[in-house]
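A.B. asks: My questions all concern the structure below.
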Amino acid sequence: MKHALGLESGTVLVVPFDAAWPALFAAERTRIENVLSSRGVSLAIEHTGSTAVEGLAAKPVLDILAGRTEGQDRAEVIEALEAAGYLYRGEQGIAGRDFFRRGEPRQYHLHLAQVDSEFWREHRLFRDYLRTDPDVAGSYASLNLELAARHPRDREAYIDGKTSFVRAVLEQQQEHQLRRIVDIERRDADKETP
């Protein structure tokens, strides 16, 4: 199997999982952290998206979730990421998320958000759920493959086609988390009752 990243702009291609993706992410995280550290900037950096889920077919572009703290100077962080070779593309229609890309063809997408923001929580929740539920991950992979075949040159149609699936999974998981919190509070309350 060829271990490569890269996807030409304006194309959609979903490929089988590449066992090299986790190591490529780890190397990129280290590279980013070294540049940021030299500039006095620290971020939480996580592998997200389909390439972060073992066995899941994905576009050959690594998604990186970078978290800044509430008090960090956003402009300073953006400048540091640009110094790491990332092209800043703005929020691109998602308030509170700064988008970057690196590579020609594109190999890395970096999403900068405040830690514990809705964007941060949802991306981690979706990734973590796909990692734990192979049936849902399989359904998501099938949907991505179908959409890529149907829209090989229309990235927006590809994204729009999977939005309802992602929203449904997030709503289900958020409801599940809320029920767990309520159950824990009930158990704690029962323990306090004489």
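The values are calculated or read from the model by the stated rules, or taken from the named source; none is laboratory data. Bear in mind the structure is a predicted one, so any value in this text is a computation, not a measurement. Cβ atoms come from the backbone with ideal geometry, glycine included; neighbour counts cover every protein chain shown. These accessible areas exclude ligands, DNA and RNA; they are computed on the full protein's heavy atoms, side chains included. Shrake-Rupley method; radii C 1.70, N 1.55, O 1.52, S 1.80 Å.
A.B. asks: Contact list please: Cβ distance under 8 Å, first residue in segment 77-98 and closer than 21 Å to Glu118 by Cα and β-branched (Val, Ile, Thr), second residue open to solvent by less than 70 Å² (accessible area, probe 1.4 Å) and assigned to a loop (DSSP other than H, G, I, E, B), pairs at least six apart or on different chains.
C.D. replies: Val77/Val41; Val77/Leu43
A.B. asks: Also: Do any residues in segment 26-50 that are within 19 Å of Leu62 (Cα to Cα) have Cβ atoms under 6 Å from those of residues that are part of a loop (DSSP other than H, G, I, E, B) and open to solvent by less than 40 Å² (accessible area, probe 1.4 Å), where the two are at least six apart or on different chains, and which pairs are they?
C.D. replies: Ile32/Ala84; Val35/Ala84; Ser50/Leu56
A.B. asks: Mind counting the residues in segment 150-163 that are loosely packed, with under 12 Cβ neighbours inside 10 Å and over 18 Å from Asp128 (Cα atoms)?
C.D. replies: Selection size over segment 150-163: 2.
A.B. asks: Can you tell me how many residues within segment 138-194 are under 17 Å from the mean Cα position of the chain (by Cα) and of a type in the set (Lys, Arg)?
C.D. replies: 3
A.B. asks: If you don't mind, there's one more thing I want to ask. Under 7 Å by Cβ, and 6 or more places apart or on different chains, what pairs join a residue from segment 125-147 that is within 20 Å of Gly161 (Cβ to Cβ) and of a type in the set (A, V, I, L, M) with one that is open to solvent by 40 Å² or more (accessible area, probe 1.4 Å) and assigned to a helix (DSSP H, G or I)?
C.D. replies: Sorted first by the residue in segment 125-147, then by its partner, the pairs are Leu143/Phe165.
A.B. asks: Follow-up. Output yes when any residue across segment 65-74 is open to solvent by less than 10 Å² (accessible area, probe 1.4 Å), out of contact with any Ser or Thr (no Cβ under 8 Å at 6 or more places or on another chain) and under 26 Å from Val136 (Cα atoms), and no when none is.
C.D. replies: yes
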